[in-house]
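What follows is a single structure, written as structure tokens, with notes after it.
The values are calculated or read from the model by the stated rules, or taken from the named source; none is laboratory data. The model shown is predicted, which means the values in this text are computed figures rather than measured ones. Please note: Cβ atoms are built from the backbone with ideal geometry, for glycine as well, and neighbour counts cover all protein chains shown. We work out accessible area using only protein heavy atoms, side chains counted, and drop any ligands, DNA or RNA first. Shrake-Rupley method; radii C 1.70, N 1.55, O 1.52, S 1.80 Å.
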Amino acid sequence: TCSGRVISKLICSGEKEVDLAVQSAKAAFKIWSQMSGMERSRVLLEAARIIREQREEIATLETINNGKSIFEARVDIDISWQCLEYYAGLAGSLAGEHIQLPGGSFGYTRREPLGVCVGIGAWNYPFQIACWKSAPALACGNAMVFKPSPFTPISVVRLAEIFTEAGVPKGLFNVVQGGATTGQFLCHHPDVAKISFTGSVPTGVKIMEMAAKGIKPITLELGGKSPLIIFSDCALENAVNGALMANFLTQGEVCCNGTRVFVERKILDAFTKEVVKRTQKIKVGDPLLEDTRMGALINRPHLDRVQGFIKQAKEQGAEVLCGGDLYVPDDPKLKNGYYMRPCVLGNCTDDMTCVKEEIFGPVMSILPFDTEEEVLERANNTKFGLAGGVFTRDIQKAHRVVAALKAGMCFINNYNISPVELPFGGYKASGFGRENGRAAIEYYSQLKTVCVEMGDVESVF
């Protein structure tokens, strides 16, 4: 990614390896699911402590793995250990309820784990996604087999080692490597109880089809083309910061990015000028350097694809206000890396490909609007519904707008903040189910109802 060199080669897990991973997880599940929530909590806290202690080392590994700046990788690792800590805190409080029935009879519910869960990760947040999926799964008493993206196979293996060090039963968190074929073996495996996938819409559709054959519950966290609405009564500098955060984190390779930036016409020129000025100052280059703010894109085909979107945007009448060209770092070792300058597109219209399709690169499209009613209609006119944001000083307008946005994750006067305490997930083609927060517990456990009769059975026969 950073230099175009191959870091390591891994062997893809075939049907046999996938089966071995699932069987090993199944054996570990028997032990883990019988432990109390408090016992599981202690193990998760220990794993969180190890990650916190090795933050620098894991962040460096992640930067080499993915190409994002070390500055951002550290944030990912912090969110990862916080996620484990959060679910460690919930593990001891998972409970059912007792319901009084007539005549002294009663019923109660038990919240039980599902069994062996499968996690399939994306390449933009490899370590963090693995924690987001494994923490609630393990807190609820499940085992997990995790398949990272073949483009970022390394850091998740470190997580598996950390879980083992922390004291989970051997095989409770297993990693298998590979692409689509390995994913198919996992989805079709009869001993897999649930699948949680983060990635593209087309792959999400395929996973849903495969899961349907085994009637397996799934969580899908898919793509987005999220709207960011900037009203003229915003704090301008704040809105500019928000727009940069909404478009250029992890080289723009973020599913919830606010890539359709709707700006009220009154402030269009002032906002655009400031955004362009700030975007041109973003330091691109070696992601391991402290002052780098944008690293390399994931691989050559993806870089070419992003470049293709910019070329098409120009052909359709958009204006490249800055960036969009390839960047060659001074360091000769990095000259074959997959770098580009962050791009801002002006003169955009709703029917352009760059405004309709997810680019998944550092490309911001700016669109003017006149009224709240008009911008809401345009903002919701998409098959996606992952996120949305609004910048305004008018508190009523802010809440009114987010209430009208058809999106699972909304931001007011900020963007791309994902605290582990809050549920994360989408509407429409952006998927369903939730990561993080208490909501994730629902997706990694099942309810059993028990009905107890305290008198004689009244028969109708």
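Rank these by accessible area, largest first, 1.4 Å probe: VAL175, VAL328, VAL43.
Highest to lowest solvent-accessible surface, that is VAL328, VAL175, VAL43.
Given +1 on the Cβ of Lys and Arg, -1 on the Cβ of Asp and Glu, and no further charges, what dipole in debye does the chain carry about its Cα centre, rounded to the nearest 20?
That gives the chain a dipole magnitude of about 680 debye.
Considering all alpha-carbon pairs of the chain, what whole percent are spaced by more than 32 angstrom?
42
So, with a 1.4 angstrom probe, what is the percent of accessible area on the chain that is carbon and sulfur?
After summing per-atom areas, the C and S share lands at 55 percent.
Largest first, what is the accessible-area ranking of ARG434, ARG265 with a 1.4 Å probe?
The ordering from most to least exposed comes out as ARG265, ARG434.
When averaged across all projection directions, what area in nm² does the alpha-carbon convex hull of the stretch 1-104 cover?
In nm², the orientation-averaged hull projection of the stretch 1-104 is 11.1.
Give the residue from VAL261, GLN312, CYS348 lying farthest towards the positive end of the charge dipole for the stretch 227-412; charges sit on Cβ (+1 for Lys and Arg, -1 for Asp and Glu) and the dipole is referred to the Cα centre.
The listed residue farthest towards the positive side: GLN312.
What are the residues whose amide H is under 5 Å from the amide H of PHE106, where those residues sit 5 or more places off or on another chain and H is modelled from the backbone?
Those qualifying (amide H under 5 Å, at least 5 residues apart or on another chain) are LEU101, VAL452, MET454.
List, in order, the whole-Hz ³J(HN,Hα) value for each residue of the stretch 190-198 obtained from phi through the Karplus relation with A = 6.51, B = -1.76, C = 1.60 and θ = phi - 60°; use x for Gly and Pro.
x, 8, 8, 9, 7, 10, 10, 10, 10
With the cut-off at 22 Å, report for the stretch 303-461 the share of all Cα pairs above it, as a whole percent.
Counting pairs separated by more than 22 Å, the tail of P(r) holds 61 percent.
Using a 1.4 Å probe, what is the accessible area per residue for the chain, in Å²?
43
What's the center-to-center distance, using Cα atoms, between the stretch 1-76 and the stretch 146-168 in Å?
Cα centroid of the stretch 1-76 versus Cα centroid of the stretch 146-168: 2 Å apart.
Given the whole protein assembly as supplied and a 1.4 Å probe, what does the accessible area of LEU101 come to in Å², nearest 10?
Its accessible surface works out to 60 Å², give or take rounding.
Keeping all protein chains in place and using 1.4 angstrom, which order do ARG55, ARG305 fall into by accessible surface area, from largest down?
Ranked list, largest accessible area first: ARG305, ARG55.
Just the accessible area for GLU97, please: 1.4 Å probe, Å², rounded to the nearest 10?
Approximately 110 Å² of GLU97 is accessible to the 1.4 Å probe.
For the stretch 227-412, state the semi-axes of the equivalent ellipsoid (square roots of 5 times the eigenvalues of the alpha-carbon gyration tensor), sorted largest first and rounded to whole angstrom.
Sorted largest first and rounded, they come to 28, 17, 15 Å.
Amide H neighbours of LYS194 under 5 Å, at least 5 residues apart or on other chains, H built in the peptide plane: list them.
Long-range HN contacts for LYS194: VAL118.
May I ask you to evaluate 6.51 cos²θ - 1.76 cosθ + 1.60, the Karplus curve with θ = phi - 60°, for each residue of the stretch 414-427 and list the ³J(HN,Hα) values in order in whole Hz, giving x for glycine and proline?
Computed from phi, the couplings for the stretch 414-427 are 7, 7, 6, 9, 10, x, 5, 6, 9, x, 10, x, x, 9 Hz.
Can you pull the accessible area of THR392 for me, 1.4 Å probe, Å² to the nearest 10?
Spelled out: THR392, probe radius 1.4 Å, area about 0 Å².
How big is the antiparallel share of DSSP beta bridges in the chain, given as a percent to the nearest 5?
Just about 35 percent of them are antiparallel.
I'd like the Karplus ³J(HN,Hα) series for the stretch 8-17: coefficients 6.51, -1.76, 1.60, θ = phi - 60°, whole numbers in Hz, and an x wherever there's a Gly or Pro.
Calculated HN-Hα couplings, in order: 7, 10, 10, 8, 5, 7, x, 4, 5, 5 Hz.
Which net charge results when you count Lys and Arg as +1 and Asp and Glu as -1 among the other residues whose beta-carbon is under 10 Å from that of ILE298?
Overall, the nearby charge balance is +1.
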